[in-house]
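Please read the structure below before turning to the comments.
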Amino acid sequence: MSFTAQDVAKLRAQTGVGMMECKKALTDANGDFEKAIVLLRERGLKAVDKKQGRIASEGMVASYIHMGGRIGVLVEVNCETDFVAKSEDFQGLVRDIAMQIAAANPKYVREEEVDPSELEAEKEILRAQAINEGKPAAIVDKMIEGRIKKYYQDVCLLNQAFVKDSSMTIKDVLTEATLRIGEKISIRRFVRYELGEGLEKKVNDLAAEVAQQMAGN
C-alpha cells in the first residue's frame with residue numbers, strides 16, 4: 001500500500017513525531033496509517049525509556065477550577081528545562097492533565113503509590129465476589145488479576161483512559177508529549193477538592209460535567 005506526503009504530514013500532526021520518523025513508520029507499515037501509529041508508539045516507548053534517567057526538576061504547578069467552583073485541582077508536572085515549561089505545548093498538556101484529574105477523580109499518580117493495605121483489602125473483596133459468583137477456585141486468582149487491572153485504571157492517573165481520547169491512557173499522552181517535546185515529562189503529584197466532599201449532600205455527577213466540558217474543548 002502506497003502513501004503520500006499528505007499522509008506523512010497527517011501522521012506528524014496526529015502524533016507530534018518528526019517527519020522522517022513518520023515516513024519510516026508508514027514505509028514499514030506498507031502505508032497502513034493505523035499500523036504506523038502503533039509502530040510509532042512502540043518505538044516511542046523505547047525512546048522515552050532512554051529519557052527516564054534524566055532529571056526533570058523544572059515544570060509548573062497548575063490549577064483548574066470547574067465552572068462555578070464545584071471542583072478544584074492543583075497538579076505539578078515536571079520537565080527538564082524552564083524553556084519547555086514556558087512553552088504553549090507543555091502548558092496545554094498540564095491543563096489537560098488538571099482537567100483529567102477533575103473529571104476522572106484518581107487517587108494516585110501511579111500503581112506504585114497505591115497503599116499496600118488498600119490493595120490487599122481490594123483483592124479480598126474481589127476474591128469474595130468471585131467465590132459468590134460461583135467461579136471455580138482454579139480461575140479465581142486469574143480473575144482477581146484482571147479485576148485489579150481495572151481497579152488500577154480507576155484509581156491511578158497514569159492508567160486512566162484520557163477523557164479527550166479514550167483510545168489513549170494518560171501514560172500514552174505523556175509518552176507522545178515526551179517524544180514531541182524532546183524532554184522527560186512526569187507527573188509528580190496532585191490534589192483534588194470537591195465542594196462538600198465528606199459532607200451529607202445531594203448527589204451530583206460533577207465528574208461527568210467536567211468530562212463533558214473537557215470533551216467540548
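Just so you know, all these numbers are worked out from the coordinates, no wet-lab data involved. Keep in mind the model is a prediction, meaning the values are calculated, not measured. Note: ideal-geometry Cβ built from the backbone for every residue, glycine included; neighbour counts use all protein chains shown.
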Expressed in angstrom and ordered largest first, the alpha-carbon extents of the chain along the principal axes are 56, 48, 35
Report the full-extension gain for the segment D141 to D7: residue separation times 0.36 nm, less the Cα-Cα distance, to one decimal in nm.
-> 43.7 nm
Entries in K86/K171; K107/K135; K10/K164; K107/K171; K149/K171; K35/K171 that, when Cα-Cα distance is taken, lie over 24 Å | K107/K135
Filter the trypsin sites (Lys or Arg not before Pro) in segment 131-206 to those in DSSP coil with at most 10 other Cβ atoms within 10 Å of their Cβ, and list the result.
-> K201, K202
Hey, in the GNM for the chain with a 10 angstrom Cα cutoff, which one of D82, D28, D154 fluctuates hardest?
-> D28
Quick one: Karplus J couplings for segment 34-41, per residue in order, coefficients 6.51, -1.76, 1.60, θ = phi - 60°, nearest Hz, x for Gly and Pro?
-> 5, 5, 5, 4, 4, 4, 5, 5
State, as an integer percentage, the relative contact order of the chain based on alpha-carbon contacts under 8 Å between residues 6 or more apart.
-> 26 percent
Filtered GluC sites (Glu not before Pro), segment 68-136: DSSP coil and at most 16 other beta carbons within 10 Å = E133
In sequence order, calculated HN-Hα J values of segment 101-108 (Karplus, 6.51, -1.76, 1.60; Hz; x Gly/Pro) = 4, 5, 6, 9, 6, x, 9, 9
Using the Karplus equation 6.51 cos²θ - 1.76 cosθ + 1.60 (θ = phi - 60°), what ³J(HN,Hα) coupling, rounded to whole Hz, does each residue of segment 161-175 give in order, writing x for Gly and Pro?
-> 5, 5, 4, 7, 7, 5, 7, 10, 8, 5, 4, 4, 4, 5, 4
Which of the GluC sites (Glu not before Pro) across segment 163-201 are loop residues per DSSP, with 16 or fewer other Cβ within 10 Å?
-> E197, E200
